[in-house]
Each structure stands twice: as structure tokens, then as C-alpha cells.
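The values are calculated or read from the model by the stated rules, or taken from the named source; none is laboratory data. Quick caveat, the model's predicted, so the values are computed rather than measured. Counting neighbours? That spans all protein chains shown, and the Cβs are built from the backbone with ideal geometry, glycine included. Accessible surface is based on the protein model in full, side chains and every heavy atom, while ligands, DNA and RNA are left aside. Shrake-Rupley method; radii C 1.70, N 1.55, O 1.52, S 1.80 Å.
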Amino acid sequence: MPVIRILDPSVVGKIRAGEVIDRPAAVVKELVENALDAKSRLISIHAASHPERLMRVQDDGTGMSREDALLALRRHATSKIESADDLSYVRSLGFRGEALASIAEVSRLTLSTRSTEDLTGTQVEALGGAIIQVSGVGRAAGTTVVVEDLFFNTPARLRFLKSRDAEIRVLSRAVWSYALAYPQIHWKFSVEGREDTDLPVAVDCVERWQVLYGKSAGEGAEPLMHEAGGVRLVGVLGAPEHARATRDHQTFAVNGRIVSSATLGAAVRQGYGNLLPSDRYPLALVMLELDPALVDVNVHPTKREVRFRDESRVFQVVRQAVELGMRRYIPAGIALEAPSGFASAGAHRLYAEGNTATLEEQTALALALYAPAGEDGTPMAVREREAGDLRDSLSEPEIPIWQLHERYLLAPIRGGLVIVDQHAAHERILYEEARANLYGGAGTSQVLLFPKVVDLTPNELDALLMLEPHLKRLGFEVSLFGERQVAVRGIPAGIPEESAVGSLQSVLASVDTLGEGGEPPEEHIAKTFACHAAVRTGQRLSPVERRALFDRLFATSLPHGDPHGRPTYVRVPMEELDRRFGRR
Ligand code: ADP
Ligand code: MG
């Protein structure tokens, strides 16, 4: 049985910090991951109809000794890693030692457990993170965690939860994802007032898939099995006719961990090629196995994203595997257009017709556009090369930058011309800065000489209370001013007052869609803020402002695209101009 230790502060410092528990589904996800790490064969999950009132996850895994049960609720207490080096080879789902502590802090938590070696079990009860009772219990080997009154001591969080049905939906989705990825485990799942689900051990994920998606979607499904470039792929691909309007039914697992991944999503989408219209998303389960050293799991506080050492290789392998799987749907005599699916990404705009960019370059570029920006530290050959060239080329202080129709900025570069979309570029810059501030330090604020009083709706006021810490980190200083009004006293430095206040209101108004699609709030806030604070089309920029925009754009981690995947600049090579003028 594993032994829990408190991680050394030097290791803790290397772990991506941030909020772990933002909604009931996050509790269930963490508890299920713990049950899986404990080598359970049977995992039962139960939720009350209002899941924040009660959730219970029970397993028949290794269980814990009394000492471990007491340590488990402490922060940075884990049996899964010891040193910072271990972070590069994580094989378990957990490794931060924070989940139980984070859950306990905002709930009434009861942990009951018995290890296979012990005769009696231990029950630990905690309230708001403090242990209030420890007792011996008789029970089967394994662990049961009951979480009640989630967020009882953080009312803003509680108020911020979506409707009961929405929370149940997200929670069920989390359970289903793991049930799909672990067919060898017997799952039981019940939600008060709904039909129970019992998923006995299945032979493989195809069988599990058929149980989950039902006969019709199950029949058309294509098993996925592929191995290339050190990546092993297993999964199921839904028939094109079962594609949905949202990405909700795509499940990705990397070394057994359920993740959300723009790279994998894009690869699957491209693999379907012309079989689907651009606004449809196939049902898919794609599970990758690869050397843990080639995956960084420590990129997101909730562990919901991972980064591949070689992002473009993974992309290629998945796209090819899906493409092969889809062969049988393609009428004889029609070849799949390769590479397909780029049109909608806007990537083609960077490569005008007749361009001779290799497939590899196009893929890297498409990846750059799809990749969750900023998280992506992997240097992608093409992107880096191109941005680096541009940086060099533009570093001469006296190069002229022209503004065209108050929309585009033009500058000569070595070997051609670069055209920058002023709004998209500024959006990329502000987005990356906002993210850095939201996840890490605080942005600098500029104090307004005359505070600006803004009227807010009750909803926006609620949002303000909820988002206050985030807004502060962005550089906003806001205080209540009367019943329905707030006074904005400080705004993010470098943004004109009007845009800053406008973007504040947009962020507040957009809370309704916050957290949709599993997007972390920081991500959503950074995007909304950037979109509304960026210079607009139609705005005249001084030469100094143009210069600053160029410099800052090419200093970002992903200068190619705005946060929505639209290109920020287009490069026109001299050869293209020459060709058009009939010089060659
Ligand atoms: P992490 O999973 O990152 O290690 P957690 O806070 O989720 O951190 O759990 C802390 C420790 O408690 C784990 O490392 C593990 O040793 C133990 N633990 C938690 N849940 C279980 C469980 N269901 N069965 C056995 N041990 C568990
Ligand atoms: Mg854990």
C-alpha cells in the first residue's frame, strides 16, 4: 500500500497552481481519478439531484492506513510523486496532492477507508478543511468519500453554479468519459431522481461505447486502432451521420487521463475531411498511449490539459489514423483531399493559392492556430522560424509601418511584405498579457483621476462579486457605489479608459457562458477582455503605436493567430509580387 508524504516546497513550486475545484463535477472527477489510481475494480458514484448538496464516490481499491487517511486531507500530501523529476514521468492520474485538501476546504467531507492489510478502517470527518472527528470503522477494503454542502463557506461560488440540470450534465459527462476510457472497470452511477446506470466490465471500449451511445450510433461506429511514431491509439469513431452540432461527444484520453485538447480535436476533425460539413463534430473516443516523458501533464491546475513534446507528430498520427478509419465511407474513386479541413480554420489565408508550403508546414501552422494559446510552449518549427524571421526583419528601428484603411498595418520585411490586422494583433497581445496576469502575478493598474461610475444589472453585480479577484489581477479597481452602481477607480495600464470600462462590462455580461465547454474561467475572461479592450478597426494609430503593436505581437508566444484562431498577419513573399507583375 502506498505511503503518503508531504511534498517538498521545492517540488510544490514546480506544480501548476490554481483553482482545482470550481464546480461539483470537479469533485467527482478528482475522486474518480483517485479511485482509479488506487487500482479499483468497482467504482460507484452517487450524486444528489442538487449535486453540491451531496456526492459520494466509493471504490474497492487499495484503501489507506490510518496515518495516510489523516495525511490525505493535507495540502501537497501525495503518495504518487516525491521529487520534481517525478513530474516528468507521471503515470498516475493524481500527482499534486491537492484534490482532497481543496475539496475538504470548501465542504463537509467524510473519508472512510480501509487498506487491504488492516483489520479495521478509519473514518475522518472534516468541515471547511479542519478535521473534526476521527474514528475507527468496520468496512470492506477500499475508500468512500462523501462530500456534502459544497461551497457552504464560499457563497459566491455557490451562487455562481449553473442550474441543477446543467451541473448534473457536466458531472455525468465527467463520469461517462472515464467509464468510456476504462471499460475493464465496473462502474455504477446514480443521480437522485434518475435512472441508475450499471456498467459491468466490458471487453473493450467499443462494447462500452455501444452501451453508452445506444444501438444505432453503436452500429455505425468504427473501432480505432493504430500505432505510429511511438504513439498508440485506441478508440471508437462515430459514423459521419451521427455527428453532432457540438464537441460534447468527443472524448480524449492521454495515458489514461481524460483531457480536453484542441490539437486532438482538430486532428480528428481533419481526419473526417469532407465527410462532414464544417459545423458538425463527430462522436469520437480517442485514447493515446505514449511515453510519459513525451507528455507534460503539469500544464493546468485541474490537469485537464496536457502538452505533447512533439505536438505536430501527435497531430499527424491521429489525423492519419482517423482518415484511415474513415476510408470505408468514401465512395470508390474519390480521394480524400489532403490536407482537408483547413479552409474553416483560416489557415489557407496565410497560404495563398498555388503556394508550395509542404504538408508539414501547413499542419504546423494549423496547429498554431488551433492550439490553446499561451499554454503552448512547444516550439513548432515553422511557426518559430517564421515569427523569428519576422522579428529580426522588423527589429530595425526605422522601418516604416503604414496604416491602410485604419484596419491593416503594412511593413516591408526581408523577402516581402507583412500585413497585420490591427484588431486581431492587439487581441492576441492583450489575451496573452491577461492570461499571464490571471494565472500569475497582477497586472499594473492605472488610477483614474475621476472614477467612472457605471450602472450594472443585478446579474452583472453578482458577476462582479464573483469575479472580483480576477478583475483585480487584470488591473481593475472597482468598488460598490450605491445599490446598482459601481465606481471604477483603476483600469489596466495602457488601455484607454473607454475601452477598459467597455471591456469590464463585457466581461461581466459574459458570465452566463463562463465555464462552457469546460473552458477555465481565466481563459474565458482573458478572451472576452482582450476582444473588447483591443483597438478597433477604424481607429487611427500613431507611428509609435504601430511600432509598439508590431513589437508586442511578435513577442507573444503565438503571434500567428488571435485567440479565436483567426490569423493576425499575412506575409506576402516577394516572389508572389514578382509573379503577379510577370517578372518571373
Ligand atoms: P493526489 O491524487 O494528487 O496524490 P489527492 O489529494 O487526490 O492527491 O489524494 C492524496 C492522497 O490520498 C493520494 O496520493 C493517495 O495516496 C490517497 N488517496 C486519495 N484517494 C484515495 C483512494 N480512493 N484510495 C486510496 N488512496 C487514496
Ligand atoms: Mg488525486
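Quick rundown of the values:
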| read-out | value |
| --- | --- |
| Residue selected from segment 31-71 under the condition under 27 Å from the mean Cα position of the chain (by Cα) and under 18 Å from VAL124 (Cα atoms), by the criterion most open to solvent (accessible area, probe 1.4 Å) | ARG56 |
| Residue check for VAL32: at pLDDT 95 or above, among the β-branched types (Val, Ile, Thr), on the phi < 0 side of the Ramachandran plot and in contact with a Leu (Cβ under 6 Å, 6 or more places away or on another chain) | no |
| Looking only at segment 88-105, and only at residues there that are more than 10 Å from ligand 2 (Cβ to nearest atom) and open to solvent by 20 Å² or more (accessible area, probe 1.4 Å), the one that is farthest from VAL306 (Cα to Cα) | GLU105 |
| Residue check, LEU111 in a strand (DSSP E or B), within 30 Å of the chain's Cα centre (by Cα) and either of a type outside the set (A, V, I, L, M, F, W, C) or within 13 Å of ligand 1 (Cβ to nearest atom) (or both) | yes |
| Candidates LEU127, LEU119 - the one that is within 17 Å of ILE21 (Cα to Cα), free of Cβ contacts under 8 Å to residues at least 24 places away in the same chain, more than 13 Å from ligand 1 (Cβ to nearest atom) and among the aliphatic types (A, V, I, L, M) | LEU127 |
| All positions within segment 224-243 that are touching a Phe, Trp or Tyr at 6+ places or on another chain (Cβ under 9 Å), at pLDDT 85 or above and open to solvent by 30 Å² or more (accessible area, probe 1.4 Å) | none |
| Test result for VAL27, buried (at least 16 other Cβ atoms within 10 Å of the Cβ), at negative phi, within 14 Å of ligand 2 (Cβ to nearest atom) and within 26 Å of the chain's Cα centre (by Cα) | yes |
| Odd one out for MET64, checked against (1) out of contact with any Gly (no Cβ under 6 Å at 6 or more places or on another chain); (2) more than 8 Å from ligand 1 (Cβ to nearest atom) | (2) |
| In segment 4-31, the residues that are in a helix (DSSP H, G or I), more than 9 Å from ligand 1 (Cβ to nearest atom) and not basic (Lys, Arg) | PRO9, SER10, VAL11, VAL12, PRO24, ALA25, ALA26, VAL27, VAL28 |
| Options ALA509, ALA530, ALA526: the member that is over 23 Å from HIS300 (Cβ atoms) and open to solvent by less than 70 Å² (accessible area, probe 1.4 Å) | ALA509 |
| Residue count, segment 150-178 (criterion: outside any helix (DSSP H, G or I) and within 25 Å of ALA126 (Cβ to Cβ)) | 6 |
| In segment 536-574, the residues that are open to solvent by less than 20 Å² (accessible area, probe 1.4 Å) and either among the aliphatic types (A, V, I, L, M) or not in a loop (DSSP other than H, G, I, E, B) (or both) | LEU541, LEU549, PHE550, LEU553, LEU558, GLY561, PRO567, TYR569 |
